[in-house]
Amino acid sequence: MAVCINSAALNGIDALIIHIETRITAGVQYFIVGLPDESVKESLIRVESAICSADLNMPRQKIVISMAPASIRKQGALFDLPIALSILAESGQIDPGLLDGVVSVGELSLNGKLRPVKGVLSMALEAHKSGYKRMIVPMENAAEAALVDGVDVFGIPDLRAVFDYLSGQKSYAPAKNNAHCSQEIEPATFPVDFSDIKGQPAMKRAMEIAAAGGHNLLMIGPPGSGKTMIARRLPTILPPLTLQEALEITRLYSISGKLDGHGLATERPFRAPHHTASNIALVGGGTNAQPGEISLAHNGILFLDELPEFERKVLEVLRQPLEERAITVSRASFNNTYPAGFLFVAAMNPCPCGFYRNPFRKCTCTITMIRKYARRLSGPLLDRIDLHVNVTPVKYADLGSNGCEITSAEVREHVITARKIQSLRSGGTINAQMTPEQTKQHCRLGVLEQELLIQAMEKQRLSARSYDRILKVARTIADLDGAIDITLVHLSEAIAYRCFDGEYFSI
């Protein structure tokens, strides 16, 4: 009778339980069936060497290993440990009953050492969901898997130690990670601060609004005006992560192999891919499906510097995730959906030379060149960016000033207060994510405000999407002021952040 060992495999951001059945009969060949890829087929070579290095017996007989469900392609070396345990159990060296209710994953080196694998947090969540109570993982993955309450996770260094643990010769305590007991993560510490920004009061205001309401932001200004510096300080004013947000980030970085090994993520990601990045690098996919930059920025910031320098087809793939906060990557062999709820921040020069409308430097570009440069960005993409802000050159008097600038901690308090107002009003939804029904309910305008918005729509030829986003930005500005209703002042400021729709991008 074949022995069945439980393992797990990734399926997008989620995982599924894999059952590994092993049968040893007369013969001399090894077989693995159940849609294994080359890395899985190679596992028997590693397993054989690891078993011998652990002073255990590798059967010299016909070994057939079946991985179910057979309809799912199996990838990676994470099945090394369960395959080795199934061989040891089928050959009578381990009591198969000791592996009931246990899920095991891990890559084996030739000397039997267990190496860390990707996606252990997702696998632990699936193990808990499926009713399994114990997991055996490499030591480096133990803290990550222990984030799941209700599953005893044992981080073990090598195959021999796993054998000794199962046979009762050695004991291991379950790994502990108390992060799941907290509902809010301690604020991260940053090497930079909002107070580093000299001058730029309009830009600071726009950043505060973007952080408070989750609004996408486009900065347009000449080289050296501080666009990148400003963007890199935006994470310092965002609210601390909630436990749920931290778990989502940890899962994504785990399946991407980018987790630092300390378990739960503690700060919001800031992803800044170069403008030469491909659309696969941005959205994810590839031969072995991986999340792209937009998913790695989930619950954080995606910053695209020199926005017009990105290929047009690369930028256009942002349109769906900016609306739906998720991206579905479809290929012939898989169909994976990854979360992509990021705050989009972009920066660009106003023209190819960078000095169009600059009061201190003369622009050398023709109108045709400026128009062509601006139109590298499509209207539908710009529609999805709530705040278009002109970044002016910093005056020398501001650079040399020793005056006290507002700090990240002070701005973050304003942001947190505004988000609490939004959460109470909309059941946890921030303004940028309000549904049409919520927008209609919470963004009512008076007669004068309606007249102003109609005039702005007609004068600047704004789209219906721009109308919706102006209302949401105005609601955020009102929340920062602690106002119940949207007034002319709030609405006027929100409209001003769309001025480039009608001016710059229609040259």
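Odds and ends about this structure:
- Apart from one condition, Ile185 fits all of (1) surrounded by fewer than 22 Cβ atoms within 10 Å (Cβ to Cβ); (2) in contact with a strand residue (DSSP E or B) (Cβ under 8 Å, 6 or more places away or on another chain); (3) modelled with pLDDT of 90 or more; the exception is (3).
- Leu56 vs. criteria open to solvent by less than 30 Å² (accessible area, probe 1.4 Å), assigned to a helix (DSSP H, G or I) and either modelled with pLDDT of 95 or more or closer than 13 Å to Val162 by Cα (or both): no
- Residues located in segment 3-46, provided they are touching a Leu at 6+ places or on another chain (Cβ under 9 Å), assigned to a strand (DSSP E or B) and under 28 Å from Gly292 (Cα atoms): Ser7, Ala8, Ala9, Leu10, Asp14, Ala15, Leu16
- Residues (buried (at least 16 other Cβ atoms within 10 Å of the Cβ), more than 22 Å from Glu323 (Cα to Cα) and under 33 Å from the mean Cα position of the chain (by Cα)) located in segment 450-485: Ala478, Asp479, Leu480
- Given (1) open to solvent by less than 50 Å² (accessible area, probe 1.4 Å); (2) more than 21 Å from Phe31 (Cβ to Cβ); (3) assigned to a helix (DSSP H, G or I), number of the condition Ile51 does not satisfy: (2)
- From the options Phe154, Phe163, residue that is closer than 30 Å to Gly97 by Cβ, assigned to a helix (DSSP H, G or I) and aromatic (Phe, Trp, Tyr): Phe163
- Leading residue by the ranking (least open to solvent (accessible area, probe 1.4 Å)) among those in segment 61-98 that are of a type in the set (Ser, Thr, Tyr) and not in a loop (DSSP other than H, G, I, E, B): Ser86
- Positions within segment 102-129 being free of Cβ contacts under 8 Å to residues at least 40 places away in the same chain and out of contact with any Asp or Glu (no Cβ under 7 Å at 6 or more places or on another chain), in sequence order: Ala124, His128, Lys129
The values are calculated or read from the model by the stated rules, or taken from the named source; none is laboratory data. Everything numeric in this text was worked out from a predicted model, so none of it was measured. Quick reminder, even Gly has a Cβ in these numbers, built from the backbone with ideal geometry, and neighbours come from all protein chains shown. Accessible surface areas use protein heavy atoms only, side chains included; no ligands, DNA or RNA. Shrake-Rupley method; radii C 1.70, N 1.55, O 1.52, S 1.80 Å.
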